[in-house]
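A.B. asks: The following block contains the structure, expressed as structure tokens.
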There are 2 protein chains.
Amino acid sequence: MSLPATALTRSYTHELPHLTGERVLLQGWVHALRKLGGVSFLILRDGWGTAQIIVENEAQLAPLQEGNLMPESVISIEGEVRATPQAPGGVEIGDPTITVLTPIAEPLPVVISKREINAALPTLLDHAVVANRHPARRALFRLGAGVMAAFRSHLNERGFTEIQTPKLVASATESGANVFGVDYFGRRAYLAQSPQFYKQVMVGVFERVFEVGPVFRAEPHDTIRHINEYVSLDVEFGFIEDHFTVMSLLRDILAGIFNHLQEQYAPEVALTTATLPHVPATIPYIHFSEAQELIFARHGVDVRGEPDLSPQDERWLGEWARQEYGSDFLFVTGYPMQKRPFYTHPDPARPTYSNSFDLLFRGIELVTGGQRLHRYDDYLEALARAGQSPEPFAAYLEAFRYGMPPHGGFAIGMERLLMQLTGAPNVRLTTLFPRDLTRLTP
Amino acid sequence: MSLPATALTRSYTHELPHLTGERVLLQGWVHALRKLGGVSFLILRDGWGTAQIIVENEAQLAPLQEGNLMPESVISIEGEVRATPQAPGGVEIGDPTITVLTPIAEPLPVVISKREINAALPTLLDHAVVANRHPARRALFRLGAGVMAAFRSHLNERGFTEIQTPKLVASATESGANVFGVDYFGRRAYLAQSPQFYKQVMVGVFERVFEVGPVFRAEPHDTIRHINEYVSLDVEFGFIEDHFTVMSLLRDILAGIFNHLQEQYAPEVALTTATLPHVPATIPYIHFSEAQELIFARHGVDVRGEPDLSPQDERWLGEWARQEYGSDFLFVTGYPMQKRPFYTHPDPARPTYSNSFDLLFRGIELVTGGQRLHRYDDYLEALARAGQSPEPFAAYLEAFRYGMPPHGGFAIGMERLLMQLTGAPNVRLTTLFPRDLTRLTP
């Protein structure tokens, strides 16, 4: 079907406040149709917003009524833009001529014209193809686009180069267990659990690199904060002092991201009821061992000696940072070496602890990062200590064999950022099309 | 190892022309060391360029000579910036103090300090970790970053939203054959051959979307222009007239990309000897059937009736476009439906041909695109005609079941764009870490 012949070029819903008095052509979806006495209000949704069309003459609705058309029918409307203070956005369209482009005669599997989607999580996810058209949900994913754009823009300004590294790899990066296997022309390949090895290698080329891309974790967990494929915002750079250089860059990038959302995405923030955090000039930090002491002192739970923090520990530390520093963010530094991957740089003063960090955002780990080993001999030693042969890592190790500076980096989980930003109860709600233990579609 | 204590903050090689007369701190890699009589020329490479350091006093080289250090050792240099017209960039560093950060005592597996890498393709690819440090190679990949940045920037300006869609999928998209299988928690999953289904679905959400990400093709071909994982620049948008609307947008995006490279990447263009094309205001186009007639008329080879163009056909058509229109680009439109995927929109006037196109760039297919079906019933019919059950496509089909406008899009192959831009003889040379039938590392 081709578009209707008209003398008008298309206008968009967000332009209407500037077009009062003019006759315009709009195109989009029938978002809702409400009758109030003799008057009908048709809400048209296009890619950027909605517009209210007032239909005072029943005959004007005929193109929709003839086929008993349902919401999500695709239509064109010509009409007059009228300033109407009580209408959303201060304008509405009067005297409409409606043309149907794609008629829909079936009711939707989930209703998307109410303020919230009234459906159980599995239903919403089963019908994400339609549910993601809901204005609040698409605003959420537009915030995601804003996060990616701001991330790149602030890194480009600092001399970072964007890379796209292979996702089909010959060996596991983070640990051998949680990796998806792929049949690769009769051989075994794996899906990259992170771009870790490649981003380090690329520090040898560009010094400062970043990547935005999918990562794959075959973790058999069913939690509210894990999915098996997510978007990772990765950074790596050379000539650092230690992990504090990395934390300082991370702080600035986060400030850049949230400022960008505040300045450019006010309508999306409002629609999603996201609460933008203030990023302190210096984000508070606490050493891993002190964090465990603090939890013991404040909550009477003795986690000292544990090699990692539990979700409950992270929540407690998040509360403490909020009370003590008024901060939504807290760095926990110096995680024990035993739980960190082999490329982690030890703390020179206390070698059982590492020059690594997690960043908690509202009590959940959002970012992991740190300083990496950079000397070839240190890698050989670390692999030997871990009982691993260097052979599968030969290509990666070549970077260190032929000269790497002190370097480090971090990885931000995009969907988790959106989860914490909007207070969503489950990361599946902030993922376009989530993948988990049981879900591979849509 | 921590960085040396110094009163100076670091300068970068590309800043040196603005710092003549000053004492600076540089950090980077020993790119080369050449002795000329009593004087040595040390070339330092940092992430952005190189600097020539003149060493007139042999003792100043002691830190490098003590360990017989080799190229790619990582060093710091303090020295004085001197205007020297005969030096590259018009400046050099004199009176240097050298500190070694990471000593390298082994010779490199490939020499990267000459104008070209003198190594066979497999050797170069085996050692891509080091070879990609070569100034011309890293300039190439920085051009790639520029292509991605310009692509996004021009689409953002036109109201497009960036998406990141799942790469782990439940069914093949393009054809059942050339897809990688994944063990997904005991089930069978596949790697997405393209974001095709998801980008179409997302037209229902945002109307205009783009994605930059990896795609996976299990094609068992060993050719100079195929790899099994590549970066795809994908676009999809709604409310089009037909495939010509899509071709018009593509033309503007390509013009935007090449203008951006010309304006912002002159040094990289020079280092790679890339030849930037002129993008005509209207790119010439020829219908598939006319293209076959033309080949018969010009070359006496009768390919009429073939359902697709061969690489030789594409080269001939590319030559013709250059001779006839002075254009590096040629659209071939209307490919036969039988070779296009089931979602392809037929030409309403000649339904055995499609509303699709390929864009040839210097005689090689660079972009594929077209108009898609948008009515649910048309999808059911197309699948039935292809002998396929709609069941595996249920989630995808939901988009059309609940209202989609006429829409279309295209996908640009990033590595192939770089190949044609630089005249590289093999797409593996313009891929950061290529994946092919036999190669999974580095």
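Coordinate-derived values only; no laboratory data. Just so we're clear, the structure is a prediction, and the values are computed from it rather than from any experiment. Reconstructed Cβ throughout: ideal geometry from the backbone, glycine too, with neighbour counts over all protein chains shown.
A.B. asks: Can you list the HN-Hα couplings for the stretch A:10-23, worked out from phi with the Karplus curve (6.51, -1.76, 1.60; θ = phi - 60°), rounded to whole Hz and with x for Gly and Pro?
C.D. replies: 5, 10, 10, 4, 6, 8, 4, x, 8, 10, 4, x, 8, 8
A.B. asks: Here's a follow-up. Kindly list the residues of the stretch A:350-365 that lie in the label zone of A:Gln323, defined by a backbone N under 15 Å from the point 7 Å along the Cα-to-C-beta vector.
C.D. replies: Residues A:363 qualify, since their backbone N sits under 15 Å from the label point.
A.B. asks: Which length gain, in nm to one decimal place, applies between B:Ser310 and B:Gln338 when the Cα-Cα distance is subtracted from 0.36 nm times their residue separation?
C.D. replies: The span from B:Ser310 to B:Gln338 would gain 8.5 nm if fully extended.
A.B. asks: Hey, can you grab everything whose amide H is under 5 Å from the amide H of B:Glu162? Only 5+ residues off in sequence or another chain; H modelled, so Pro and N-termini drop out.
C.D. replies: So B:Glu162 has HN proximity to B:Phe210.
A.B. asks: Out of A:Gly305, A:Gly213, A:Gly370, any idea which swings most in a Gaussian network model of chain A, alpha carbons joined below 10 Å?
C.D. replies: Answer for the Gaussian network model of chain A: A:Gly305.
A.B. asks: First obtain the Kirkwood hydrodynamic radius of chain B from its Cα pairs, then insert it into the Stokes-Einstein equation at 4 °C and 1.567 mPa s, and state the resulting D in µm² per second as a whole number.
C.D. replies: The diffusion coefficient I find is 52 µm²/s.
A.B. asks: What residues qualify as long-range amide H neighbours of B:Ala218, i.e. H under 5 Å apart, gap of 5 or more or another chain, H built at 1.01 Å from N?
C.D. replies: HN-HN under 5 Å from B:Ala218: B:Val179, B:Phe180.
A.B. asks: Ordered shortest first, which distances in nm separate the 7 Å Cα→C-beta label point of B:Leu36 from those of the other copies?
C.D. replies: Label point to label point, same position, other copies: 8.3 nm.
A.B. asks: Next question, about the same structure. What's the magnitude of the charge dipole for the stretch A:343-442 around its Cα centre, counting Lys and Arg as +1 and Asp and Glu as -1 at the beta-carbon? Answer in Debye, nearest 20.
C.D. replies: Computed charge dipole of the stretch A:343-442: roughly 340 debye.
A.B. asks: Let me ask you something else. In whole Hz, what ³J(HN,Hα) sequence does the stretch B:114-129 give by Karplus (6.51, -1.76, 1.60; θ = phi - 60°), x for Gly and Pro?
C.D. replies: 8, 4, 10, 7, 9, 8, 5, 3, x, 5, 4, 5, 4, 10, 4, 4
A.B. asks: Additional query: Which aspartates and glutamates, if any, have their Cα less than 19 Å from the Cα of B:Lys35, not counting same-chain residues under 8 positions apart?
C.D. replies: Those aspartates and glutamates meeting the cut-off are B:Glu56, B:Glu58, B:Glu66, B:Glu72, B:Glu92, B:Asp95.
A.B. asks: So which trypsin sites (Lys or Arg not before Pro) in the stretch A:284-316 pass both tests, a DSSP loop state and at most 12 other Cβ atoms within 10 Å of the Cβ?
C.D. replies: A:Arg304
A.B. asks: Follow-up. When chain A is treated as a GNM, springs tying every alpha-carbon pair under 10 Å, which of A:Ser194, A:Ser40, A:Ser171 comes out with the largest mean-square fluctuation?
C.D. replies: Answer for the Gaussian network model of chain A: A:Ser40.
A.B. asks: Moving to a separate point now. If you place +1 on the Cβ of every Lys and Arg and -1 on the Cβ of every Asp and Glu, how big does the dipole about the Cα centre of chain B come out, in debye to the nearest 20?
C.D. replies: My answer is approximately 340 debye.
A.B. asks: Quick query: amide H of B:Gly403 versus all other amide H atoms, modeled in the peptide plane; which residues come in under 5 Å with a sequence gap of 5 or more or a different chain?
C.D. replies: Amide H to amide H, under 5 Å and 5 or more residues apart or across chains, B:Gly403 pairs with nothing.
A.B. asks: Net charge near A:Val279: determine it from the other residues with C-beta under 10 Å of the C-beta of A:Val279, scoring Lys and Arg +1 and Asp and Glu -1.
C.D. replies: Summing Lys and Arg as +1 and Asp and Glu as -1 gives -1.
A.B. asks: In addition: Give the residue from B:Phe400, B:Asn426, B:Gly305 lying farthest towards the positive end of the charge dipole for the stretch B:299-442; charges sit on Cβ (+1 for Lys and Arg, -1 for Asp and Glu) and the dipole is referred to the Cα centre.
C.D. replies: So the residue furthest toward the plus end is B:Asn426.
A.B. asks: Only Cα pairs under 8 Å and at least 6 apart count here; give the relative contact order of chain A as a rounded whole percent.
C.D. replies: Over chain A, the number comes to 13 percent.
A.B. asks: Still on this model: State, to one decimal in nm, how far the label point of A:Lys114 lies from the label point of A:Gln388, with both points 7 Å from Cα in the Cβ direction.
C.D. replies: Placing both labels 7 Å beyond Cα along the Cβ direction yields 5.0 nm.
A.B. asks: How many nm separate the modelled label positions at B:Glu66 and A:Lys35, each set 7 Å beyond the Cα in the direction of the Cβ?
C.D. replies: Distance between label points: 9.2 nm.
A.B. asks: Here is a follow-up. Please compute, for peptide B:393-400, the average count of beta-carbon atoms on other protein chains lying within 10 Å of each residue's beta-carbon.
C.D. replies: Partner Cβ neighbours, averaged per residue: 4.
A.B. asks: Shifting gears a bit: If you average the alpha carbon positions of the stretch B:1-70 and of the stretch B:96-128, how far apart do those two centres end up, in angstrom?
C.D. replies: 17
A.B. asks: Then there is this: Taking the Cα centre of the protein assembly as shown as origin and charging only Cβ (+1 Lys, Arg; -1 Asp, Glu), how large is the dipole, in debye to the nearest 20?
C.D. replies: Dipole magnitude for the protein assembly as shown comes out near 520 debye.
A.B. asks: Determine the distance separating the Cα centre of the stretch B:186-208 from the Cα centre of the stretch B:302-338; give it in Å without decimals.
C.D. replies: Measuring centre to centre over Cα atoms gives 30 Å.
A.B. asks: What list of ³J(HN,Hα) couplings, whole Hz, do you get for the stretch B:352-360 from phi and the Karplus terms 6.51, -1.76, 1.60, once you set θ to phi - 60° and write x for glycine and proline?
C.D. replies: 7, 9, 10, 7, 10, 8, 10, 10, 8
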